[in-house]
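The values are calculated or read from the model by the stated rules, or taken from the named source; none is laboratory data. Fair warning: this is a prediction, and the values are worked out from it, not measured in the lab. Here the Cβ positions follow ideal geometry from the backbone for every residue, glycine too, while neighbour counts run over all protein chains shown.
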Amino acid sequence: MSLQKYSQRIRETMRGTNSIQPEMVMDSALRDAKRLKERPDLWPVLDIGCGEAYHVQTNIEHGIPTIGVDLDDGQLYLAQKRALKELGRYLPLVRGDARQLPIQNDSFGSVTSYGMLMMIPWVIEEIERKSIYQDKDTVREVARQILSEMKRVIRPSGEIKIVTMSDKYAGERKYFKPIPAELKELGISEGLMPLSVDYHRRDERFIEALFKK
C-alpha cells in the first residue's frame, strides 16, 4: 500500500471513531504550550508522529521552538497547507520514521508524542505488509525502539511526554492499547525515569506518561 493510500485510510479510520475529537487535540495543545512556555530549559521541542502538526503550530505560535516528525506525507502536506493559510509560512516539519529518527543525539530539550504509539500495528501492517496485531511481543519491541530513539535525541535531564490510547478504549480497531504499568515498564527498560504514568485525568481511554532522561 502506498503512503498516500495509507494516509487516506488512517484519516478514514480515525473519522470512524470518536477517539480523538478536534476540541480535545486543541485543548491539549494549548495546555502543553502554556506549560512549555514557562520551561525554556525544555526547548527546543521535538514532536514525534506529529500528524497534521497542531501541537507544533501551537507551540510556535507561543514562541516555543519546535520541530515535527511524521512518516505520513499526506498529513505533513495538510499541516503545511493549514500553516500557510493561518500563519503565512511553513512549519519546520520533517518526514521520518520514529524507529530511526533523522535527528542527531542530544539535540532537544524535550520530546512529545500524541497518539503515535497506538498506531504501531497500523504502520507495520499497512506499510511493511506484516500482520502483527496479534503478535504483542513484536508490537512492544517496536515501542521500545521508539522510546530508545526518543531518549537518544533529548539532552541529559530532558523530558519525554507521551499520550497514547489505553486499554480502556472499547473499540475493536487495530491499536496498541497498553496499561500504564506496561508503558512505565517500557520506559524503564530503555533507561528512562518515569515521573508520572497513569490514565489521562480527563479521559481514561488515554494514558499520559512523563519520563525524564
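General observations
- Any strands (runs of 3 or more DSSP E) falling wholly within region 100-213 and containing at least 3 residues that are farther than 24 Å from LEU71 by Cα and at pLDDT 95 or above: 193-199
- Residues in region 12-55 that are modelled with pLDDT of 70 or more, in a loop (DSSP other than H, G, I, E, B) and at negative phi were compared, and the one that is surrounded by the fewest Cβ atoms within 10 Å (Cβ to Cβ) is GLU38.
Every residue, every condition in (1) closer than 17 Å to ALA33 by Cβ; (2) β-branched (Val, Ile, Thr), yes or no:
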residue: PRO44; (1), (2): yes, no
residue: ASP47; (1), (2): yes, no
residue: CYS50; (1), (2): yes, no
residue: ILE64; (1), (2): yes, yes
residue: VAL69; (1), (2): no, yes
residue: TYR77; (1), (2): no, no
residue: GLN104; (1), (2): no, no
residue: ALA143; (1), (2): no, no
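- Meets criteria (out of contact with any Gly (no Cβ under 8 Å at 6 or more places or on another chain) and of a type in the set (Val, Ile, Thr)) for ILE154: no
- Output for region 145-193, where each listed residue is of a type in the set (Val, Ile, Thr) and either without any contact (Cβ under 8 Å) to a residue 40 or more places away in the chain or farther than 18 Å from THR112 by Cβ (or both): ILE179, ILE188
- Across region 68-85, the qualifying residues are those that are closer than 14 Å to HIS55 by Cα and touching a helix residue (DSSP H, G or I) at 6+ places or on another chain (Cβ under 8 Å), and the one among them that is surrounded by the most Cβ atoms within 10 Å (Cβ to Cβ) is GLY68.
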